[in-house]
1. Can you go through 431, 416 and tell me which one is surrounded by 15 or more Cβ atoms within 10 Å (Cβ to Cβ), out of contact with any strand residue (DSSP E or B) (no Cβ under 8 Å at 6 or more places or on another chain) and at pLDDT below 90?
2. Can you name the residue in region 300-309 that is surrounded by fewer than 19 Cβ atoms within 10 Å (Cβ to Cβ) and in contact (Cβ under 8 Å) with a residue 12 or more places away in the chain and is also nearest to residue 465 (Cα to Cα) among such residues?
3. Here is a list of conditions, (1) under 20 Å from the mean Cα position of the chain (by Cα); (2) modelled with pLDDT of 90 or more, and residue 289 meets all of them except one; can you say which number that is?
4. Any chance region 301-323 includes a residue that's modelled with pLDDT under 90, outside any helix (DSSP H, G or I) and out of contact with any helix residue (DSSP H, G or I) (no Cβ under 7 Å at 6 or more places or on another chain)?
5. Determine, yes or no, whether residue 231 is within 26 Å of residue 108 (Cα to Cα), in a helix (DSSP H, G or I) and modelled with pLDDT under 80.
6. Any chance region 433-452 includes a residue that's within 28 Å of the chain's Cα centre (by Cα) and in a loop (DSSP other than H, G, I, E, B)?
7. Yes or no: residue 363 assigned to a helix (DSSP H, G or I) and buried (at least 20 other Cβ atoms within 10 Å of the Cβ)?
8. Can you name the number of the only condition in (1) without any contact (Cβ under 8 Å) to a residue 40 or more places away in the chain; (2) farther than 16 Å from residue 322 by Cβ; (3) buried (at least 16 other Cβ atoms within 10 Å of the Cβ) that residue 445 fails?
């Protein structure tokens, strides 16, 4: 437990710094080169994520599951073999994807990246794939053994270097898309070098137990048993997701917008507003990444009671935290968005999207719990259904509803995905959802606290008044919540 808390704290701090850096970077880019370019960059990264999905082939998750389970059983031989074979599989596949991408870059740009002024970014992204794939596989090994320092530094190094190079090159008026490509390539290269060196040092702790005649076939089969089905569904899901994001500006154009303005709307919502509401999710994301190997251990040990008990606490705390965060973001969005982005439109879209926070944050955790319980294929099926429905809504609805239609698609997608995943988990572990205590009571108290706060401080005109607003909301909410708990306890 002490190690888990320590890892959670380290991961939260580093991820928080990373998120702040990314928000500042996006704010600088949007002010320097506009939301239209930011929209194009978001489309490029969606295409890149599809190539990453193919390159990973589901191997990092397979390594995490196998190594964590074998560590629980003290099977040192399988730990060494799984990590070695896993990262080599990633290397072979990612190099192949890299070559194919470079050879067919013109067709890729025509299909996915309309009006891309500089295709050199595609070459640089392709060259980054092997480094990212191997690094991700090795991070799966470290996460399984609860050694989060290496993945933390890897992630921190990647984002800090990437943001630093982008800002520097954009400031020097270097070609924008070339700057993006250079920053990603260099950051992934440095990340790979660090992770590989740390892996070589760490694996020595296990390698002495490995006999030279140990067969690799059983471990290879186990990796492929987990990764192959995941990879297939991941390909489908990621491919459909890429198509979905490519369609958004095209269907907004059908509504009557110019393509550049459509890209600007897409960049504003997908590149700025959504990352803003997801910024406080650092604690949720960190926690969810750490519980995957823990649930794999519980599942391997067939400890059903432990799974139920911990899941109850996770649901209660996550819902309470995400509901509170959504109200704080709603209160703070006007002032903070103006300070950071100098754009009043951003705060409007942030407020429109805040009701998504609760379901999105909970879904992050539920998906990782399901993966830890060996239900990763079910997670991917839900994701595929979600993307297919989103594509249909984008194709048929956005040309008639415009930006409102795009917002509606995001709502349908997030709630559909989240509710399906939650329902699957509750059925799997035979747990009832406590609507009253987990959802209705906290929401009611937060609304009461919110309206009292608005009466006391109608508008947060500066950081001082904003701080008082948030403090007021917090105190009133905690008073009501703990008063309710006290009354409930006395009645019991």
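1. The conditions single out 431.
2. Out of the qualifying residues, it is 308.
3. Result: residue 289 passes all but (2).
4. Looking for residues that are modelled with pLDDT under 90, outside any helix (DSSP H, G or I) and out of contact with any helix residue (DSSP H, G or I) (no Cβ under 7 Å at 6 or more places or on another chain), one finds at least one in region 301-323, hence yes.
5. It is true that residue 231 is within 26 Å of residue 108 (Cα to Cα), in a helix (DSSP H, G or I) and modelled with pLDDT under 80.
6. yes
7. It is true that residue 363 is assigned to a helix (DSSP H, G or I) and buried (at least 20 other Cβ atoms within 10 Å of the Cβ).
8. (2)
The values are calculated or read from the model by the stated rules, or taken from the named source; none is laboratory data. As the structure is a computational prediction, the values presented were derived from the model and not from experiment. Ideal geometry is used to build each Cβ from the backbone, glycine not excepted, and the neighbour counts take in all protein chains shown.
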